[in-house]
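**Q** Sending over a structure as C-alpha cells; questions will come in a sec.
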Amino acid sequence: MSAKVIYGDQLAQTLRDEMKTEVATLNKRGIHPKLVVILIGDDPASKSYVSGKQKAADYIGIQSELISLPTETSEDELLDLIRQLNKATDVNGILVQLPLPKHIDEQLIIETIDPTKDVDGFHPINIGKMMTNQATFLPCTPYGILTMLKLMNIEIAGKHAVIIGRSHIVGKPVGQLLLNEHATVTYCHSKTTNLKELVKLADIVVVAVGRAHMIDQSYIKAGATVIDVGVNRIEDGSLTGDVVFDSVKEKAAYLTPVPKGVGPMTITMLMKNTIKAAINQVTK
Ligand code: NDP
C-alpha cells in the first residue's frame, strides 16, 4: 500500500480562496475583519510564524497589524496593551505569539484576552465551550486537523484515534475534537509505557511530540490515517516531522507531510476564526 498524501497547503489554498470571496462580501457590508498579532522578542521561529500569518491575512483581505515589542517588555505593559485592544472596536482578533519570555505569565496573558477576540482559542472559556461541544473559537492546529480529515472524507465516528502528545495547544484539544466527532480516543504521552502497542490499534494517529522521526511503520496499523504535527529542524537545516514519512507511507492509507501538511492549515483556521470574530462582533 502507498498512502494518499494529504497536502495541507493545497487544502489551505482552496479555503483561503473561499475566505477571500467571503471577506470581499463582508467588506461591502462595511465589515472589515482585523487581526492584531503581538510579538515579544526576536525568536526566529516566532517571527517566521507571524510572517506566515500576515501573508495569509493579506491574501484573504483581512487587515492585520503586527505589534513587535522588545524582550524586556514587562507583564504590566503587555496586560495594558491587551486591555486597550479588548476595547478597540475595530479590532476583531487578538493573538499573542507564544512562547513568551520567562518573566511573563503566559496563562495570565491568555486569560486577559477578551474571549470574543481570542482567535487562538486558548482562553479557558473557549476551551470549556469546546469541551462541552458548543460553538466557539477552536484552537487552530486541532481545528486544522479536523478540517483536513473532513475535507478528505475520512471517517471519524466509531474509529479509534490515538493521540501522541497531551499539550494544551495540540494534543488535548485535538483528542477532544475527535471525541466530539464520536471517535474513541486514547491519549499517549511521555509516561505511556506501551506506546507502540497502543498506536498499533489506531485507525487515526495524531503525532504531536516534537521528536524527529519518532514513528515509523512498525507503529502503524495497515490502512490507518497518520497526521504528523511535529515540526523539527534537523542538522542539515531542513524541517521534518515526527513521522518517518517514507516508511509510514508504505503502510498507512493517508499521511500528512511536513512541511506542507498541518502547518498551512493551522494558519488558515486562524483566519477563519478572525472572520468569525468579526461577524460575531457586528451581529451580537
Ligand atoms: P509540547 O512539547 O508542549 O508537548 C509534547 C508532548 O509530547 C507532551 O505531551 C509530551 O508528554 C509528549 N511526549 C514527549 N516525549 C514523548 C515520548 N517519548 N512518547 C510519547 N509522548 C511524548 O509540544 P506541542 O504540543 O506544542 O507541539 C508538538 C509538536 O508539534 C512540536 O514539534 C511543535 O513544533 C509542533 N507544532 C506544530 C504546529 C503546526 O501548526 N504544524 C502547531 C503547534 C505545534 P508529557 O506531557 O508527558 O511531557
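The values are calculated or read from the model by the stated rules, or taken from the named source; none is laboratory data. Everything numeric in this text was worked out from a predicted model, so none of it was measured. Quick reminder, even Gly has a Cβ in these numbers, built from the backbone with ideal geometry, and neighbours come from all protein chains shown. To get the accessible areas, we keep the full protein, side chains included, count just its heavy atoms, and leave off ligands, DNA and RNA. Shrake-Rupley method; radii C 1.70, N 1.55, O 1.52, S 1.80 Å.
**Q** Condition (residue is surrounded by 13 or more Cβ atoms within 10 Å (Cβ to Cβ), of a type in the set (Lys, Arg) and farther than 26 Å from Ser167 by Cα) applied to region 84-99: is it met by at least one residue?
**A** No, there is no match, as no residue in region 84-99 is surrounded by 13 or more Cβ atoms within 10 Å (Cβ to Cβ), of a type in the set (Lys, Arg) and farther than 26 Å from Ser167 by Cα.
Residues checked against (1) at pLDDT 95 or above; (2) within 12 Å of the ligand (Cβ to nearest atom); (3) open to solvent by 40 Å² or more (accessible area, probe 1.4 Å):
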| position | (1), (2), (3) |
| --- | --- |
| Leu138 | yes, no, no |
| Pro142 | yes, yes, no |
| Gly158 | yes, no, yes |
| Val162 | yes, yes, no |
| Gly165 | yes, yes, no |
| Leu177 | yes, no, no |
| Asn180 | yes, no, no |
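**Q** So in region 238-271, with the set limited to residues that are surrounded by fewer than 19 Cβ atoms within 10 Å (Cβ to Cβ), more than 15 Å from the ligand (Cβ to nearest atom) and of a type in the set (Gly, Ala, Ser), which one is farthest from Thr141 (Cα to Cα)?
**A** Only one residue tops the list, namely Ser247.
**Q** State all residues of region 229-275 that are free of Cβ contacts under 8 Å to residues at least 12 places away in the same chain and part of a helix (DSSP H, G or I); if no residue qualifies, say none.
**A** Initially, region 229-275 is screened for residues free of Cβ contacts under 8 Å to residues at least 12 places away in the same chain, giving 233, 235-238, 246.
Across region 229-275, the qualifying residue is only Asp246.
**Q** Write out, first by first residue and then by second, each pair whose Cβ atoms fall under 9 Å of each other, whose residues are 6+ apart or on separate chains, and whose first residue, in region 123-142, is closer than 16 Å to Asn280 by Cβ while the second is open to solvent by 80 Å² or more (accessible area, probe 1.4 Å) and among the small types (Gly, Ala, Ser).
**A** Lys129/Ala135
**Q** Of these, Asp228, Asp216, Asp203, which one is over 18 Å from Met131 (Cβ atoms), charged (D, E, K, R) and either open to solvent by less than 10 Å² (accessible area, probe 1.4 Å) or within 21 Å of the chain's Cα centre (by Cα) (or both)? Give the steps one after another, and end with the answer.
**A** Working: Asp216 fails: either open to solvent by less than 10 Å² (accessible area, probe 1.4 Å) or within 21 Å of the chain's Cα centre (by Cα) (or both); Asp203 fails: either open to solvent by less than 10 Å² (accessible area, probe 1.4 Å) or within 21 Å of the chain's Cα centre (by Cα) (or both).
Sole residue among the options that is over 18 Å from Met131 (Cβ atoms), charged (D, E, K, R) and either open to solvent by less than 10 Å² (accessible area, probe 1.4 Å) or within 21 Å of the chain's Cα centre (by Cα) (or both): Asp228.
**Q** Quick check on Pro173: is it open to solvent by less than 40 Å² (accessible area, probe 1.4 Å), closer than 19 Å to Gln134 by Cα and touching a residue at least 24 places away in the same chain (Cβ under 8 Å)?
**A** On the way: open to solvent by less than 40 Å² (accessible area, probe 1.4 Å): yes; closer than 19 Å to Gln134 by Cα: yes; touching a residue at least 24 places away in the same chain (Cβ under 8 Å): yes.
Spelling it out, Pro173 is indeed open to solvent by less than 40 Å² (accessible area, probe 1.4 Å), closer than 19 Å to Gln134 by Cα and touching a residue at least 24 places away in the same chain (Cβ under 8 Å).
**Q** If you scan region 50-79, which residues turn out to be hydrophobic (A, V, I, L, M, F, W, C) and either touching a helix residue (DSSP H, G or I) at 6+ places or on another chain (Cβ under 9 Å) or open to solvent by 40 Å² or more (accessible area, probe 1.4 Å) (or both)?
**A** Kept after step one, since they are hydrophobic (A, V, I, L, M, F, W, C), are these residues of region 50-79: 50, 56-57, 60, 62, 66-67, 69, 78-79.
Ala56, Ala57, Ile60, Ile62, Leu66, Ile67, Leu69, Leu78, Leu79 - these are the residues of region 50-79 that are hydrophobic (A, V, I, L, M, F, W, C) and either touching a helix residue (DSSP H, G or I) at 6+ places or on another chain (Cβ under 9 Å) or open to solvent by 40 Å² or more (accessible area, probe 1.4 Å) (or both).
**Q** Let me ask you something else. From Leu26, Leu39, which residue is in a helix (DSSP H, G or I) and surrounded by 15 or more Cβ atoms within 10 Å (Cβ to Cβ)?
**A** On the way: Leu39 fails: in a helix (DSSP H, G or I).
After applying the criteria, what remains is Leu26.
**Q** Now a separate question. Residues of region 238-252 being at pLDDT 95 or above and not hydrophobic (A, V, I, L, M, F, W, C), which ones?
**A** Thr240, Gly241, Asp242, Asp246, Ser247, Lys249, Glu250, Lys251
**Q** With the structure loaded, tell me whether Lys191 is buried (at least 17 other Cβ atoms within 10 Å of the Cβ) and free of Cβ contacts under 8 Å to residues at least 12 places away in the same chain or whether it fails that test. Reasoning before the result, please.
**A** Numbers: buried (at least 17 other Cβ atoms within 10 Å of the Cβ): no; free of Cβ contacts under 8 Å to residues at least 12 places away in the same chain: yes.
Spelling it out, it is not the case that Lys191 is buried (at least 17 other Cβ atoms within 10 Å of the Cβ) and free of Cβ contacts under 8 Å to residues at least 12 places away in the same chain.
**Q** Quickly run through region 217-237 and pick out the residues that are within 14 Å of the ligand (Cβ to nearest atom) and either at pLDDT below 95 or farther than 18 Å from Lys260 by Cα (or both).
**A** Of everything in region 217-237, those that are within 14 Å of the ligand (Cβ to nearest atom) and either at pLDDT below 95 or farther than 18 Å from Lys260 by Cα (or both) turn out to be Tyr219, Arg233, Ile234.
**Q** What about Val185, is it open to solvent by less than 20 Å² (accessible area, probe 1.4 Å), within 15 Å of the ligand (Cβ to nearest atom) and assigned to a strand (DSSP E or B)?
**A** Working: open to solvent by less than 20 Å² (accessible area, probe 1.4 Å): no; within 15 Å of the ligand (Cβ to nearest atom): yes; assigned to a strand (DSSP E or B): yes.
Here the answer is no, as Val185 does not meet what is asked.
**Q** Scanning region 111-135 for residues that are on the phi < 0 side of the Ramachandran plot and open to solvent by less than 20 Å² (accessible area, probe 1.4 Å), which turns out nearest to the chain's Cα centre (by Cα)?
**A** That would be Val119.
**Q** Taking the criterion of being within 12 Å of the ligand (Cβ to nearest atom) and either under 23 Å from Ala12 (Cα atoms) or of a type in the set (Phe, Trp, Tyr) (or both), would at least one residue in region 102-118 satisfy it?
**A** Scanning region 102-118 turns up no residue that is within 12 Å of the ligand (Cβ to nearest atom) and either under 23 Å from Ala12 (Cα atoms) or of a type in the set (Phe, Trp, Tyr) (or both).
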